[in-house]
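The values are calculated or read from the model by the stated rules, or taken from the named source; none is laboratory data. What you are looking at is a predicted structure, and each value in this text was computed from that prediction instead of being measured. Using ideal geometry, Cβ is built from the backbone for each residue, glycine included, and neighbour counts are taken over all protein chains shown. Each accessible area value is taken on the protein alone, full model and side chains, heavy atoms only, with ligands, DNA and RNA left out. Shrake-Rupley method; radii C 1.70, N 1.55, O 1.52, S 1.80 Å.
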Amino acid sequence: MTLRVLLVEDDRELRATLCAALAVEGYEMLTAASLSEGRALLQHADRPDAGIDLVVLDLGLPDGDGEVLLAQLRRRRGCPVLVISARQAEGQKVRLLDEGADDYLVKPFGIAELLARMRVALRHRGTTVQAAVTRWRSGPPGRRMDIDLLTHQVRVGDHPVHLTPTEFNLLARLVRSAGQVVTHRQLLTDVWGAEFTEHTHYLRLYMGQLRAKLEADPAEPQQLLTEPGVGYRLVEGDAD
Ligand code: CA
């Protein structure tokens, strides 16, 4: 199955570079240089024979902010959105992720990183045929993290690790979005409940406990990463 990607980016050079790189990977590319072009392509793509599987969205566009396309995209269930932007503002990143963007990359970024994030986003939206994650294993031999979401068993290397129910629920939430950033609000809502969205100190406390139990050096985590001001990301560890 050929996956169709809509790239909305006004920088002509970057658009051409990304378009060529993604086409080489086998993606079918549609490109838009403005908000209005992007919107028109999306409307056209609402027809079943012209579906779009993923959107790569720049924010600074000549006729407006890419953010307004997110609302339109949210109605298209199953179509992940990766935001690419030169903006570093943490507040906006958080808002975009909470509004339904799957991930963001701050320019300049490498093609390999973009491709990896795209694969993760597509996997999580079930565009490729894959069962829901029930087990997650990653890390170097001897310190391989093995998390079984069905039996609630967690091991590091050969050693079983005991987690409290809250620690496990937090870890499980990150496993379900492995590779993707999960915002503070998403974590607090899903693990503690909607009334706890301001309690970010819970996250600092419990992430500290998880790192102490799971990371070789909790002060230099390799898998349970902090996205400053935004949230946390569980990444595949070094395989060597
Ligand atoms: Ca731009």
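A few comments on the model shown:
- Its Kirkwood hydrodynamic radius, worked out from the mean inverse distance over all distinct Cα pairs, puts the stretch 135-239 at 13.7 Å.
- Within the stretch 82-215, antiparallel bridges make up roughly 75 percent of the DSSP beta bridges whose residues both belong there.
- Protein accessible area in the chain, 1.4 Å probe - carbon and sulfur %: 50
- For the pair ARG135 and ARG74, label points projected 7 Å from Cα toward Cβ lie 3.7 nm apart.
- Solvent exposure of ARG125, expressed as accessible area, is near 90 Å², computed with a probe of 1.4 Å over the protein chains only.
- Potential extension, ALA86-ALA23 segment - 0.36 nm per residue separation minus Cα distance: 20.4 nm
- Remark: relative contact order (the chain) = 14 percent; criterion is Cα-Cα distance under 8 angstrom and separation of 6 or more residues.
- Compared with the rule-of-thumb size 2.2 N^0.38 Å for a compact globular protein, the chain has a Cα radius of gyration ratio of 1.07.
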